[in-house]
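Asker: Could you have a look at this structure, given as structure tokens, before my questions?
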Amino acid sequence: MNVGQTFLTVGVALGLACASAVAVIVIAKLRRVRVGARAKAMLAPHRGALIVMASGEDEDGQALAALCAVPAPIWARLRSGVVAFLPKVRGVPAEDLGGLMRSHGEIDEARRMLTSRSAVGRARAAYLLGLVRDVDSVALVVTLLSDPAADVRMVAARALGTIGDPSAASGILQALRTSHGHIGLPAWVAAEALLAMGTEVGPALELGLTSSDPAVRNVCAVVAGHGTYFTAAPQLRILLVTDSDADVRASAAVALGRVGGAGDAALLARYAEASETTVLRRTCAAALGELGHRESLETLTGLLGDRDRRLAQLAADSLVRFGSDGIARLQEAAGTTTPGPNARAAGSALELAGLRGQLVSVPGS
Amino acid sequence: MMIWSGFLDGLRRVVSAIMDVVATPVLIYFLVINTLLLVLMGLAGWEFVHQGRRKSYAGREQTAASQLGQGVSVVVPAYNEEVVIVTSVQALLALRFGRHEVVVVDDGSTDATFEVLRGAFDLVPVQREIPSDVTTLGTIIDVHVPRDGRTRLVLVRKENSGRSDSINVGINAALEPLVVFIDADSILEPDALISVTKPFADDPTRVVAAGGVIRAINGCKVVDGRMVEVKLGKTWLVRIQVVEYLRAFMLGRSGWSRFGALILISGAFGMFRRDVLVEVGGLDPDSIGEDFELVMRIHRHMIRDHRDYRVQFVAEPVSWTEVPVTAKVLRSQRSRWHRGLWETLWKYRGMLLNPRYGKVGLVALPYYWVFELIAPVLEFVGFVLVALGFALGVVNTTYALMFMAVAYGYATLVTLVAMAIEELSFHKYPRWHDLGAILLASVLENLGYRQATAWWRLEGWWASLRGEKPVWGTMTRQGFDDDSPAVAALNGDQAMNASSRDV
Amino acid sequence: MVTELVKTRIVVADDDQDILDLVVFKLTQAGYDAVPVTDGVAALAAIESGLPRLAILDVMMPGLSGMDVLRKVRANEATKDLDVILLTARARDADVDAGFATGASDYVIKPFSPRELMHRVNAVLARGDR
């Protein structure tokens, strides 16, 4: 084959490939435009009924009945619109919309899809079951927490949080474990899900605080604090003092700030002052402000001059939270004639507090 | 007459001799680079096309409302940005995210940047101490925050010392664990922070840096800092750049990220962990390709420290940025980029082909050396030689056509594949007219634009080799609410510290 | 003589078309004159020109957030007494605090009950009447 023929082959191949690419582009666009326009036309008459339902104005149930009776091809286009409304409303409208989905067999279909071969299919199914708060599917969705696809695990966790059944709590904590070098769940997803489940997750949390996996301990500490689980305080103290993982210790400190007792002021103070890691010191300084025990005033005032200026700032912010007592200390520090670091940190915090209107003494603060 | 034909003869012989040597290698070079681009696209394309399906269950609203994730500090270096800064900051504050702050660093602006900000946000001076975690040069003048004390906006004014140093000051002032640098003229997608923090949330111990897809904003209708309508620019120069961005930056980067050797994150939008930035010392104010240099420095630091880390690319549009509208500004931008590329690659030459540096040293760097750094030489020389040779009769038609096919035809195919992936995934350009213009621009790119940019890149490289002082480009801000082709450089002497970033 | 009932005007701002349609429908059914807008700047314009009795604002709107609109409304002499209900997914205490501190009359968290929203609208308007 001489050069000329080679060139011809190459040229033709290129030309065909380019033409195919252009064809793909044009066809994709055409399809999208046409499908989009057709879908819109089909749905227009039904949007009204959907709005009536979603706004809770469907007192006689006519809109619901009309939409339940919609034939399958139209429903296929309509369903995404209905699904879009589900996370936006609460109360009767949400129940009605859930009932609508059920009447079209979507919930049964979703339960089947939980074992689909496509990860997207599984994720969509879990998402839907969460949206309609299908308590009966909890056991099925829990199995998705160990799904090979990260996306699916995340959607499953969020769905379980929305459904709110506390029996799924231990499953979510299990899912946090790292397997094959991949983390099971982002910590904040697990934490949000657990917080949404309410106070009954307490026992699972306390168990999780003693888990061998640091990710589990970490999330449990975070949830204990945000959800104010006072019974977790003893275990949190142990974590703060003895845990091997720095993140866990920091989360325990934050949580103790919220649920700790009188004795914890001294504990937090110890870790704010000693030669601990920067992160832990800062966390403890902030936690002291959250805890709000009078004996911490001294510690915090002492930190105003620390070499770690961010720590000083946090200590000053914490003092503001004490109300008039803390503010008095700050004013004392700021008012000294020698402009040292203490004065700077104090002055800065007082300024900000002034802007926020926190300097006006509120009764009982 | 005799002298002329003698000259031509001599030229003919020279060109012929060179062609004997380089004829096949030139063809092979183009074949290889275009094939490699297709491979990179293959790695990324699948992910792009399917990302749309994930949106239906992504639960963005919930992510935005959550405060349990890591917070983000948005650092905005600003020099004489009075036209856009207020709109930009307003839009940044309105980003959908649970916990973020905006840190504007005024790099000694001589215009009304400070005044307009103060007026719009009711700023008052505060005593805040800015730590020196990263060494900075410019002296800080003062710090301002909004009078309500709650809006998470901080304005740090300092002496003029350049964009990099300003960003370093911003890093120091940042309070959140993640930091993202953006330019004042960029428009961010409302979900940008949600998108780019995802890798950090999914893998908090490993991911240290992440970038997203940057697109060209020229021609788009932007109202009050919001993207209202995506349109293609009106001039072919802009259109070709749009195509360039789609191909190289969108798919190239994504492919490298999947492979695990992403060494370049756009300076127009890069998110980093603050503690890592402090560890490596922030941006280098003396470097021209400072964003590239930062990522390379992070790679070297993490590898030497035997840390398990990742630099990730998010296959989603996050930011829109203004591209040069005139050839003059484009020229200075490209020459600067290439200079930055050269100087950084040279600085880290110890990593090249060094097995200690894994995929970065053994795959990414060699690729960049050959197909990014030396590429313009091969391209330009190839083009000149073939054109000259053809004119002189040294090169036969078949070879010339073959060259065109492999160099430009194949390149057009690569671009068209990129366009197809874009159409199947984000399809941001809804109008048929724009789609047609993009397709045409894909072809036109090879008829002059590529050759010109190759030459300008060589200019930059040469300037660096000769030790010339770098010249900062002047890109006059058009402001956001303008979709007409701009007449740039109205104030040609306005010494603007325009970004030197690689994109 | 026919007295025309002047409907109470309420501006509704949300970049989410579903929510916008829903709230506007609900308000219209209840006899209010609902003015929908899809972003912060349009909301400000509608408030300044239409002088409504109440504005329902989504917080997370791109470009100009609901909080910014609220701030500007409070800072403007002509509109500073406007009642504003914030409708938003931001549910943390800090967000609610910030909302009220900036001058919101009420704060409704998404997902919301449309019925409850109407109660609050009526209550806020009744408060303003006194």
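Asker: Expressed in whole Å with the largest first, what are the equivalent ellipsoid semi-axes of chain B derived from the C-alpha gyration tensor as the square root of 5 times each eigenvalue?
Answerer: Numbers: eigenvalues 320, 118, 112 Å².
After scaling each eigenvalue by five and taking roots: 40, 24, 24 Å.
Asker: Along the charge dipole of region B:71-184, Cβ charges K/R +1 and D/E -1, which of B:Gly71, B:Gly170, B:Gln90 sits furthest on the positive end?
Answerer: Farthest along the dipole direction, towards plus: B:Gly71.
Asker: OK, next. Rounded to two decimals, what is the ratio between the C-alpha radius of gyration of region A:46-151 and 2.2 N^0.38 Å? Before the final figure, lay out the partial values.
Answerer: Numbers: Rg = 14.3 Å, N = 106, 2.2 N^0.38 = 12.9 Å.
Relative to the rule-of-thumb radius for its length, region A:46-151 sits at 1.11.
Asker: Quick one: Debye curve from the C-alpha atoms of region B:374-437, no solvent, what's log10 I(q)/I(0) at q = 0.24, 0.28 Å⁻¹?
Answerer: -0.96, -1.14
Asker: Work out the FRET efficiency for A:Ala19 and B:Met404 from their Cβ-Cβ distance, taking R0 = 30 Å, and round it to the nearest 0.05.
Answerer: On the way: r = 17 Å, r/R0 = 0.58.
Efficiency, rounded to the nearest 0.05: 0.95.
Asker: Right, next: Classify region B:159-308 as rounded, prolate or oblate from the Cα gyration tensor: take a ≥ b ≥ c as the square roots of its eigenvalues, call it rounded if a/c is under 1.5, otherwise prolate when a/b beats b/c and oblate if not. Intermediate values should be presented prior to the final figure.
Answerer: Values: a/c = 1.73, a/b = 1.49, b/c = 1.16.
Prolate.
Asker: Could I ask something else about it? Hey, how much of the P(r) for the protein assembly as shown falls beyond 54 Å, as a percent of Cα pairs?
Answerer: On the way: 97716 of 497503 pairs.
Percent of Cα pairs beyond 54 Å in the protein assembly as shown: 20.
Asker: Separate question: Work out from phi, with θ = phi - 60° and the Karplus expression 6.51 cos²θ - 1.76 cosθ + 1.60, the ³J(HN,Hα) of each residue of region B:216-228, listed in order in whole Hz, and give x for Gly and Pro.
Answerer: Here the 3J(HN,Hα) series is 8, 9, 3, x, 6, 8, 10, 10, 6, x, 10, 6, 9 Hz.
Asker: How many Å³ per residue does the convex hull of the Cα positions in region A:33-85 occupy? Display every interim value, and only then the final one.
Answerer: Numbers: hull volume 3.6 nm³, N = 53.
That works out to 68 Å³ per residue.
Asker: Another one. In region B:215-241, which residues have a backbone nitrogen under 16 Å from the label point lying 7 Å from B:Leu440's Cα in the Cα-to-Cβ direction?
Answerer: So the set is B:232-241.
Asker: Related question: Stick to Cα atoms and the Kirkwood definition of Rh, then tell me Rg/Rh for region B:149-218. List each step's numbers first, then the result.
Answerer: Working: Rg = 14.2 Å, Rh = 14.4 Å.
Radius of gyration over Kirkwood radius for region B:149-218 works out to 0.98.
Asker: Per DSSP H run of at least 4 residues, take -39500 (n - 2.57); add these up for chain C, divide by its residues and hand me the 222 nm value, nearest 500 deg cm²/dmol.
Answerer: On the way: 5 runs with 60 residues, N = 130.
Value at 222 nm, helices only, nearest 500: -14500 deg cm²/dmol.
Asker: Suppose the chain between B:Phe259 and B:Ala17 were pulled fully straight at 0.36 nm per residue; how much longer would it get relative to their current alpha carbon spacing? The partial results should precede the final answer.
Answerer: Details: separation 242, 0.36 × 242 = 87.12 nm, distance 4.05 nm.
Taking 0.36 nm per residue and subtracting the Cα distance, the gain is 83.1 nm.
Asker: Next up: Order these peptides, A:71-79, B:176-184, by their mean beta-carbon neighbour count within 10 angstrom, highest first.
Answerer: Descending mean neighbour count gives B:176-184, A:71-79.
Asker: Sticking with this structure for a sec: Restricting attention to the alpha-carbon atoms of region B:329-417, what are Rg (one decimal) and Dmax (integer), both in Å?
Answerer: Using the Cα atoms of region B:329-417, the pair Rg, Dmax is 16.9, 50 Å.
Asker: How well do other chains shield peptide A:175-187, expressed as the mean number of their Cβ atoms within 10 Å of each residue Cβ?
Answerer: Values: counts 0, 0, 0, 1, 0, 0, 3, 2, 6, 0, 2, 8, 5.
The shielding value for this peptide is 2.
Asker: In region A:261-360, what is the volume of the convex hull around the alpha carbon atoms, normalised per residue and reported in Å³? Each step should come with its number before you reach the end.
Answerer: Values: hull volume 8.3 nm³, N = 100.
Dividing the Cα hull volume of region A:261-360 by its residue count gives 83 Å³.
Asker: Search the structure for amide H atoms under 5 Å from the amide H of C:Val12, placed 1.01 Å from N in the peptide plane, and list their residues when 5 or more places away or on another chain.
Answerer: The answer is C:Val35, C:Val37, C:Ile56.
Asker: Helix-only estimate, please: 222 nm mean residue ellipticity of chain A, summing -39500 (n - 2.57) across DSSP H runs of length 4 or more and dividing by its residues, to the nearest 500.
Answerer: Result for chain A: -22000 deg cm²/dmol, rounded to the nearest 500.
Asker: OK, next. Suppose R0 equals 41 Å; then what is the FRET efficiency for B:Asp305 and B:Val223 from their Cβ-Cβ distance, rounded to the nearest 0.05?
Answerer: Numbers: r = 47 Å, r/R0 = 1.15.
After rounding, the FRET efficiency stands at 0.30.
Asker: Can I ask one more? Which value, in debye to the nearest 20, gives the size of the charge dipole of region C:9-129 about its Cα centre, when Lys and Arg are +1 and Asp and Glu are -1 at the Cβ? If you can, show how the numbers build up before the last one.
Answerer: Values: 13 positive and 19 negative charges, 53 e Å.
Result for region C:9-129 is approximately 260 debye, rounded to the nearest 20.
Asker: Can you tell me the dipole magnitude for region A:261-360 around its Cα centre, using point charges on the Cβ only (Lys, Arg +1; Asp, Glu -1), in Debye to the nearest 20?
Answerer: Value, rounded to 20: 260 debye.
Asker: Of A:Thr283, A:Thr338, A:Thr228, which is the most mobile in a GNM of chain A whose springs link Cα atoms less than 10 angstrom apart?
Answerer: Highest fluctuation of the listed residues: A:Thr338.
Asker: In peptide B:88-95, what is the residue-averaged number of other protein chain Cβ atoms found within 10 Å of each Cβ? It would help to have the intermediate numbers written out before the result.
Answerer: Details: counts 0, 0, 6, 5, 0, 4, 12, 3.
Taking the mean over all residues of the peptide, I get 4.
Asker: Which value in nm describes the separation of the simple spin-label points at A:Thr143 and A:Arg294, placed 7 Å from the Cα toward the beta carbon?
Answerer: Using points 7 Å along Cα→Cβ, the separation is 6.0 nm.
Asker: Would you mind ranking B:Ser88, A:Ser324 by Cβ crowding within 10 Å, fewest neighbours first?
Answerer: On the way: B:Ser88 24, A:Ser324 11.
Ordered from fewest to most neighbouring Cβ atoms within 10 Å, B:Ser88, A:Ser324 come out as A:Ser324, B:Ser88.
Asker: On to the next question. How long is the gain from C:Asp81 to C:Val96 if the chain were fully straight, where each residue apart is worth 0.36 nm and the alpha carbon distance is subtracted? The partial results should precede the final answer.
Answerer: On the way: separation 15, 0.36 × 15 = 5.40 nm, distance 1.98 nm.
Here the segment from C:Asp81 to C:Val96 would lengthen by 3.4 nm.
Asker: Mind grabbing the base-10 log of I(q)/I(0) for chain C at q = 0.09, 0.11, 0.13, 0.18 Å⁻¹? Debye formula, identical points on the C-alpha positions, no solvent, two decimal places.
Answerer: Taking Cα atoms of chain C as identical point scatterers yields -0.23, -0.34, -0.47, -0.93.
Asker: Can I ask one more? Under unit Cβ charges (Lys, Arg +1; Asp, Glu -1), what dipole magnitude, rounded to 20 debye, does chain A have relative to its Cα centre? Write out the running numbers ahead of the final one.
Answerer: Numbers: 36 positive and 33 negative charges, 331 e Å.
Here the size comes out at about 1580 debye.
Asker: Still on this structure, please answer the following. Provide the FRET efficiency to the nearest 0.05 for the B:Lys328-B:Ala387 pair, computing r from the beta carbons and using R0 = 30 Å.
Answerer: The calculated FRET efficiency here is 0.75.
Asker: Run through the DSSP bridge list for chain B and note the antiparallel percent, rounded to the nearest 5. Don't skip to the end; give the middle numbers.
Answerer: Numbers: 21 of 46 bridges.
Close to 45 percent.
Asker: For the protein assembly as shown, with the dipole built from +1 on Lys and Arg beta-carbon atoms and -1 on Asp and Glu ones, taken about the Cα centre, which of A:Ala63, B:Ser56, C:Ala126 lies farthest toward the positive end?
Answerer: B:Ser56
Asker: Let me ask something additional. Could you tell me, in Å, what Rg and Dmax come out for the Cα atoms of region B:71-184?
Answerer: For region B:71-184, the Cα-based Rg and Dmax read 12.5, 35 Å.
Asker: What fraction of the DSSP beta bridges in the protein assembly as shown is antiparallel, stated in percent and rounded to the nearest 5? Mind showing how you got there, number by number?
Answerer: Working: 22 of 66 bridges.
Approximately 35 percent, going by the DSSP bridge assignments.
Asker: Considering the options B:Gly219, B:Trp256, B:His299, tell which one lies farthest towards the positive end of the dipole of region B:211-301, charges being +1 on Lys and Arg and -1 on Asp and Glu at the Cβ, about the Cα centre.
Answerer: Value: B:Gly219.
Asker: Another question about this same structure. Please report C:Met61, A:Met101 as a ranked list, fewest other C-beta atoms within 10 angstrom at the top and most at the bottom. Working shown, then result.
Answerer: Values: C:Met61 28, A:Met101 22.
Exposure proxy ranking, most exposed first: A:Met101, C:Met61.
Asker: Something else now. Need one number: nm distance between label points at A:Val279 and A:Ala72, each 7 Å from Cα along Cα→Cβ, rounded to one decimal.
Answerer: Each label point is offset 7 Å from its Cα along the Cβ direction, giving 5.4 nm.
Asker: In peptide B:11-19, how many Cβ atoms from other protein chains are near each Cβ within 10 Å, on average? Show your work: numbers first, answer last.
Answerer: Values: counts 0, 0, 0, 0, 0, 0, 0, 0, 0.
Per residue, the average neighbour count from other chains is 0.
Asker: With the cut-off at 37 Å, report for chain A the share of all Cα pairs above it, as a whole percent. Don't jump to the answer; show the numbers that get you there.
Answerer: Details: 31234 of 66430 pairs.
That tail contains 47 percent of the Cα-Cα pairs.
Asker: With runs of 4+ DSSP H residues as the only contributors, calculate the mean residue ellipticity of chain B at 222 nm using -39,500 (n - 2.57) per run, divided by the residue total and rounded to the nearest 500. Mind dumping the intermediate values first?
Answerer: Values: 16 runs with 229 residues, N = 503.
About -15000 deg cm²/dmol.
Readers should treat all values here as calculations from the given coordinates under stated rules, not as data from a laboratory. What you see is a predicted model, and the numbers here were worked out from it, not measured in a lab. All Cβ positions, glycine included, derive from the backbone under ideal geometry; neighbour counts span all protein chains shown.
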